[in-house]
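Undergrad: One structure follows; several queries about it will come next.
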Amino acid sequence: MTAKEIVAGIFCCIGTFFFILGTTGLLRMPDIFSRLHPSTKCDTLGACSVIVGMAVYSGWSWDLLKLIFIACFLLLSSATCGHAIGRSALRRDIPYWRRQDEGAKSGDGA
Amino acid sequence: MGTALNLALIVLLLTTAILAVTARDLLAAVIIFSVYSLIMALMWQRLQAPDLALTEAAVGAGVTTVLFVVTIFKTRRREEE
Amino acid sequence: MKRTVSLLFIAALAALLLYVVANMPPMGDPANPTATHVIPRYLENAEEETHTENVITGIILNYRGYDTMGEVTVIFCALAAVLAVLGRERRGAIEGFVDRSEVVSSTIVRTMVRFMVPFILLFSLYTIFHGESSPGGGFQGGAIIGGSMIVFTTIFGLAESSRRVPQRIRAALEGAAVMGFFLVGALGLLGGGEFLTYAWPKVAPGLQPSLVVWLTILVEVGIGLGGAMVLTSILFAMIREEEIATAS
């Protein structure tokens, strides 16, 4: 196993780790706004780490250019997606999560 | 390595297929169905059929999902008992 | 009772199908008839007979041209069925549409979609035009164009979207996919070749490979644009009714 493969593997493992974290957060968080936080993080950081790993693995080639393009579009689209989901959730007055004793309140008062 | 990946894909494919059929919430069923299409696209790629993989990813995961969602918003979201 | 009977029936059917599958030749076995006769025939002769580098495109558009023409017709019939149920917008009725959603989509999303859609269209054109020598082709590229139209319509609304792709252009292109396929295939008959082989041996023997390649790409473009317009029209027909209902 060459040094290139080891570095690529480490980056891919970091990316997968963040994906696992993001999925766990998506399942465990109580409401849509706090769920957005881990899921967008896992999209950007996790996927970009995996792409960096693949870029290291592919070396200087046309694949590297394609991977850079994929990373750019991924960053742009996932950030926009998170913004759109959060904004429409806010506009629809989806209630924020509170502690149990206070109960769920409408989102506009915050 | 390849066999393990194939097995994992097949298990995921069957799980998503069963979940998509049994889900009561039709919106959830549509999203699961799009995941099914995505896994299917991966499997076509594993079977060395990139043309089919492209079609499945574009049509199955992209376009039909949107058309299903539009249909659900025009009808009912819950399946009747 | 009914449930038990249907479960029994399904179990029997599953057993039968599994029995049949178990008796099929194993997948990927080099001794299969398909691997000993069909596949070598295609792999050896496809490039010189169809002049396409991607053997799959050669098979889809040339050897199995009738099948593909049938598929394009099926897509066209699906659109006709959808329009028969939901109805098509009248010509020039676009100004009557109102934007139904009360929420104005945000500037970030609008800017991003305006930035991304050209790239999506570029990729789909690459998929269509390069289908002759790499994976892809008319159906895939058309689906990607349809996807970009869906994104655009979701963000900018039906009025803006149907102003960009008006109904007369869509109607023309939908028909052009099937008609173009048939005409390009039939022109080979005039040129002394066979139906759907795109070769004109009498007219231009010297131009043979490049002519076949260009006609194949032409058919791919027709399928791509026609499929994209079919998807767009289906989407418009599905979301149109709602907008008119709230306008009145």
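Coordinate-derived values only; no laboratory data. Worth saying up front: this structure is predicted, and the values here are computed from it rather than measured. Here the Cβ positions follow ideal geometry from the backbone for every residue, glycine too, while neighbour counts run over all protein chains shown.
Undergrad: I need the per residue convex hull volume for the protein assembly as shown, using only the alpha carbons, in cubic angstrom as a whole number.
TA: 226
Undergrad: Also, I was wondering about something else. Search the structure for amide H atoms under 5 Å from the amide H of A:Y96, placed 1.01 Å from N in the peptide plane, and list their residues when 5 or more places away or on another chain.
TA: For A:Y96, the qualifying residues are A:K105, A:G107.
Undergrad: Would you tell me the mean number of C-beta atoms belonging to other protein chains that fall within 10 Å of each C-beta in C:141-153, as a whole number?
TA: Mean inter-chain Cβ contacts per residue within 10 Å come to 4.
Undergrad: Okay, next question. Based on the Cβ-Cβ distance from C:V203 to B:N6, what FRET efficiency comes out when R0 is 56 Å, to the nearest 0.05?
TA: My answer for the efficiency is 0.65.
Undergrad: Peptide C:127-138: average number of partner chain Cβ atoms within 10 Å per residue? Walk me through the numbers before you get to the answer.
TA: Numbers: counts 2, 0, 0, 0, 2, 0, 0, 2, 8, 5, 3, 0.
Mean shielding by partner chains, rounded to a whole number: 2.
Undergrad: Still on this structure, I have one more. Specify whether the C-alpha gyration tensor of chain C places it in the rounded, prolate or oblate class, a ≥ b ≥ c being the square roots of the eigenvalues: rounded for a/c under 1.5, otherwise prolate if a/b is larger than b/c and oblate if not.
TA: Values: a/c = 2.13, a/b = 1.26, b/c = 1.69.
Oblate is the answer for chain C, as a/c is 1.5 or above yet b/c matches or exceeds a/b.
Undergrad: A further question on this structure: Where does each of C:M24, C:M1 land when they are ranked from fewest to most other beta-carbon atoms within 10 angstrom?
TA: Ascending number of Cβ neighbours within 10 Å: C:M1, C:M24.
Undergrad: Build a GNM of chain C with springs between Cα atoms under 10 Å: which of C:H37, C:H51, C:H130 gets the top mean-square fluctuation?
TA: C:H37
Undergrad: If you don't mind, there's one more thing I want to ask. When N counts the residues of chain A, how does its alpha-carbon radius of gyration compare numerically with 2.2 N^0.38 Å, as a ratio?
TA: 1.39
Undergrad: Sticking with this structure for a sec: Using mean Cβ contacts within 10 Å as the protection proxy, how do B:40-50, B:12-22 order, highest first?
TA: B:40-50, B:12-22
Undergrad: With helices defined as uninterrupted DSSP H runs, which ones in chain A have an alpha carbon span along their own long axis of at least 27 Å and mean Kyte-Doolittle hydropathy of at least 1.0?
TA: For chain A, where a helix must reach 27 Å along its axis and average at least 1.0, the hits are A:3-28, A:62-91.
Undergrad: So, one more: Enter the angle in degrees (range 0 to 90, nearest 10) between the Cα long axis of helix C:138-164 and the first principal axis of the Cα atoms of chain C, meaning the one along which they spread out most.
TA: 0
Undergrad: Testing the spin-label approximation: label points 7 Å from Cα along Cα→Cβ at C:V38 and C:C77. State their distance in nm.
TA: So the label points at C:V38 and C:C77 sit 2.3 nm apart.
Undergrad: Evaluate peptide B:45-53: per residue, the Cβ atoms of other protein chains within 10 Å of its Cβ; return the mean as an integer.
TA: Other-chain Cβ atoms within 10 Å of each residue's Cβ, averaged: 3.
Undergrad: What list of ³J(HN,Hα) values in whole Hz, one per residue of region C:51-62 in order, does the Karplus curve 6.51 cos²θ - 1.76 cosθ + 1.60 (θ = phi - 60°) give from phi, with Gly and Pro shown as x?
TA: 6, 10, 6, 7, 4, 5, 4, x, 5, 5, 8, 10
Undergrad: Another question, then. Test of understanding: ordering C:F156, A:F69 by Cβ neighbours within 10 Å, fewest first, what list do you get?
TA: With the fewest neighbours first, C:F156, A:F69 line up as A:F69, C:F156.
Undergrad: Taking the beta-carbon count within 10 Å as an exposure proxy, list B:D51, A:D63 from fewest neighbours to most.
TA: Going from sparsest to densest Cβ surroundings: A:D63, B:D51.
Undergrad: Same structure, new question: Given the options C:P135, C:P30, C:P201, which has the most mean-square fluctuation in a GNM of chain C, springs set between C-alpha atoms less than 10 angstrom apart?
TA: So, out of C:P135, C:P30, C:P201, the one fluctuating most is C:P30.
Undergrad: Just the C-alpha atoms of chain B: what Rg/Rh do they give, with Rh taken as the Kirkwood radius?
TA: Checking Rg against Rh, the ratio lands at 1.05.
Undergrad: Another one. Kyte-Doolittle cut-off -1.0, length cut-off 18 Å along the helix's own axis using Cα: show which whole DSSP H helices in chain B pass.
TA: Within chain B the helices that satisfy the rule are B:2-22, B:26-46.
Undergrad: For the Cα atoms of chain C, what angle does the longest principal axis make with the long axis of helix C:167-190, in degrees from 0 to 90, nearest 10?
TA: Once rounded, the angle reads 20 degrees.
Undergrad: Hey, in the GNM for chain C with a 10 angstrom Cα cutoff, which one of C:M238, C:M112, C:M27 fluctuates hardest?
TA: Taking springs between Cα atoms under 10 Å, the residue moving most is C:M27.
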